[in-house]
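Notes for the one structure printed next.
Quick note: the coordinates plus some simple rules give every number you see, no bench work behind them. Everything quoted here is computed from the prediction, not taken from an experiment. Every residue, glycine among them, receives a Cβ derived from its backbone with ideal geometry; neighbour counts consider all protein chains shown.
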């Protein structure tokens with residue numbers, strides 16, 4: 001038995017998940033922790049992460065380090081995604097984390113992030129053969145076209161819940177129809193450049209990431225797992241429309257959405273909304289398995305070799 005930890009430092013949150021390997025094929029989660037640090041919030045136009053955000057990340061990771069030691073973690077992988085990719089002071093961030101917490105961060109590319117998403121989805125939905133996987137994080141959106149159970153094409157776009165909110169939203173997190181149209185138009189323009197989406201017309205979509213999974217949780221009225229849940233596109237779009245037309249106070253009152261996520265959820269759901277319409281997808285499948293599970297799958301393969 002091996003105790004493994006995955007740390008995912010994204011633009012919106014830093015997450016720690018600790019797993020226990022049971023057999024060569026099976027693992028179980030023994031601890032999960034999330035801190036909404038919004039690392040990319042307030043990032044300068046030049047790509048500088050604010051000093052206070054670096055300090056906040058260090059405090060969170062110091063706490064995670066103590067948890068890992070207490071639970072006897074033997075191996076870990078700590079990955080940094082979109083916010084760190086954009087940051088010109090990334091070296092300062094990583095050096096402070098290493099010196100003050102002992103955790104060594106690894107920067108992954110957008111393409112690597114998309115590949116891990118694919119591995120996680122394939123592990124969690126083993127019968128899936130053809131779909132467009134969408135993972136909308138805080139700082140980026142990964143799209144993977146799965147065909148015959150393998151990757152046909154993938155891309156990572158710098159359009160996530162936090163980055164889109166910063167670009168098109170307001171300081172009060174209230175949205176006008178004009179701002180929504182501007183944001184969705186930019187997303188449509190980006191999708192039009194992706195040739196593989198033309199081939200994916202009419203293909204089901206798989207939703208990964210907290211923003212996307214919140215649609216199913218809102219529909220269910222609970223924060224319980226939504227893994228492998230299937231919804232018709234019309235129902236998904238109706239829920240997104242309700243959320244996007246709500247004020248911040250109204251969003252905060254929606255069961256299973258969460259007060260913190262309600263600030264960025266309008267932008268966080270925009271890529272999914274535009275994608276479903278653009279490829280005329282008939283249904284959406286939700287996956288609780290994504291980036292972290294893909295990293296875990298990769299680590300387990302190395303352990304078993």
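With each label modelled as a point 7 angstrom along the Cα→C-beta vector, the residue 249-residue 59 pair spans 3.0 nm. Full extension of the chain segment joining residue 235 with residue 91 gains 47.4 nm, where the gain is 0.36 nm per residue of separation less the Cα-Cα distance.
Full extension of the chain segment joining residue 147 with residue 23 gains 41.7 nm, where the gain is 0.36 nm per residue of separation less the Cα-Cα distance.
Of the listed peptides 38-50, 177-189, what is their order by residue-averaged count of other C-beta atoms within 10 Å, with the highest listed first? If you can, show how the numbers build up before the last one.
Numbers: 38-50: 17.7, 177-189: 14.5.
Highest to lowest by the protection proxy: 38-50, 177-189.
An oblate overall shape is assigned to the stretch 127-290, the ratio a/c of its alpha-carbon gyration tensor axes (a ≥ b ≥ c) being 1.5 or greater and a/b not exceeding b/c. Our summary gives the chain a relative contact order of 19 percent, counting only alpha carbon pairs under 8 angstrom and 6 or more residues apart. Between residue 30 and residue 227, the contour length at 0.36 nm per residue exceeds the alpha carbon distance by 69.1 nm.
Kindly identify the stretch 3-107 as rounded, prolate or oblate by the Cα gyration tensor criterion: order the square roots of the eigenvalues as a ≥ b ≥ c, call it rounded if a/c is under 1.5, otherwise compare a/b with b/c, prolate if a/b is larger, else oblate. In terms of gyration-tensor shape, prolate.
Where a ≥ b ≥ c are the square roots of the eigenvalues of the C-alpha gyration tensor, would you call the chain rounded, which needs a/c under 1.5, or, failing that, prolate if a/b is larger than b/c, or oblate? Verdict is oblate for the chain. Once the C-beta distance of residue 67 and residue 177 is scaled by a Förster radius of 35 Å, the resulting FRET efficiency is 0.20 to the nearest 0.05.
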